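A.B. asks: Got a structure for you, written out below as structure tokens; questions coming shortly.
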Amino acid sequence: MQRVLLTGMSGTGKSTVIDRLSAQGYKAIDLDYGGWTEVRSHPDGEETLWLEDRVAGLLAEEDADLLFISGAARNQTKFYERFDHVVLLSAPTSVITERLRSRTNNPYGKHPTELARVLALKETIEPALRRAADLEIDTSVPLEEVIRRVLEIVGR
């Protein structure tokens, strides 16, 4: 079983990509929904953490040839060795800003304070995600191109 992590900042299209992969019949889980994470206080503000036991259990399952997981959390690096591929989804600041302001599936990022935090994390956290990634995909291209590139990395 191949395991692929799709990660990136808010507004880069993680949920959209994972939803499309699921619609194409792949086992695809968005860790931002469904009780996979918890939010805790942190000196920098709130932090999102994956529920480690639950995520470890998901990664231990052998019920599909291919598993796609999307999400971003402070503790995700603990799981990198369990993934065959880590894919960074990125987008220019202007694209992220527009997506967050106009999104309908999630209110996060609409408030100016939240938007400012996302853009600050893009400058501080995204470089570390980039260093750990096997592949970076700029999601400002059409969705079908993003999906094609994601599937290419797993030989599909």
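A.B. asks: Would you mention how many residues in region 25-55 are acidic (Asp, Glu), surrounded by 11 or more Cβ atoms within 10 Å (Cβ to Cβ) and not in a helix (DSSP H, G or I)?
C.D. replies: 5
A.B. asks: Of the residues SER22, SER15, which is under 19 Å from GLU144 (Cβ atoms), part of a helix (DSSP H, G or I) and either at pLDDT below 95 or of a type in the set (D, E, K, R) (or both)?
C.D. replies: Result of the check over SER22, SER15: SER15.
The values are calculated or read from the model by the stated rules, or taken from the named source; none is laboratory data. Not measured: the values here are computed from a predicted model. As a convention, Cβ positions derive from the backbone with ideal geometry for all residues, glycine included, and neighbour counts pool all protein chains shown.
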